[in-house]
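The values are calculated or read from the model by the stated rules, or taken from the named source; none is laboratory data. Worth saying up front: this structure is predicted, and the values here are computed from it rather than measured. Cβ placement follows ideal geometry from the backbone for every residue including glycine, while neighbour counts extend to all protein chains displayed.
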Amino acid sequence: MKRRLWSKDELILAFNLYLKLLFGKMHRSNPDIFKLSNLLGRTPSSIAMRLVNFASIDPYHRERGVLGLPGGVNQCLPIWNEFNNNREELIFEGEKILDEYENQTIESKYSFLLQDLKVKGEDKVREVKTRVNQNVFRQIILNVYATKCAISGIDIPDLLNASHIIPWTKND
């Protein structure tokens, strides 16, 4: 059977998923991994291994002794170098690529954020600056802090709010 190399888009999607999952959840039976494997036409095991390859680049996991496959790590390293310090760009690119694979648009996916409010009898045009990737930011923050509040230690996800230290409206 001929092996199919990973495309840059596939690696971006894998890195995007890596940032959303706890390390202990990076296994082939994870529903998120299974969903991505179906979308990319790859096995869940190959997706899980790719996530471990990203973990082996991550300084935190590397210090813990996490090792990936050398060839896989070499493929992941350029994506890590391009996006690790610009995760907002990764989120945007990842969501855009995901939408292409799912045959939808960002606008349709987040239409609930973009709907105009209408007053009976007249239309008003409104321009609203909306943060469309906040849910992805929240998933990453929950992952980083093991689904616990960094201050109080509360571990009830419904009570946790992911917030920026500097409001996003003040700092792009």
### Message
The conditions are (1) over 26 Å from residue 162 (Cβ atoms); (2) surrounded by 15 or more Cβ atoms within 10 Å (Cβ to Cβ); (3) touching a Pro at 6+ places or on another chain (Cβ under 6 Å), and residue 44 fails exactly one of them. Which is it?
### Response
(3)
### Summary
Sole miss for residue 42 among (1) modelled with pLDDT of 90 or more; (2) closer than 21 Å to residue 140 by Cβ is condition (2)
## Note on the structure
Among residues of the stretch 6-36 being within 17 Å of residue 75 (Cβ to Cβ) and without any contact (Cβ under 8 Å) to a residue 24 or more places away in the chain, the residue surrounded by the most Cβ atoms within 10 Å (Cβ to Cβ) is 36
### Query
Does residue 60 satisfy the criteria of being modelled with pLDDT under 85 and either among the aromatic types (Phe, Trp, Tyr) or assigned by TED's automatic domain parsing to the domain that holds residue 141 (or both)?
no
### Message
Please go through the stretch 66-90 and give me each residue that is surrounded by 15 or more Cβ atoms within 10 Å (Cβ to Cβ) and over 17 Å from residue 7 (Cα atoms), ordered by number.
### Response
66, 68, 84, 87
### Query
Taking the stretch 150-162 as the search range and keeping residues that are surrounded by 12 or more Cβ atoms within 10 Å (Cβ to Cβ) and within 18 Å of residue 135 (Cβ to Cβ), which one is farthest from the chain's Cα centre (by Cα)?
160
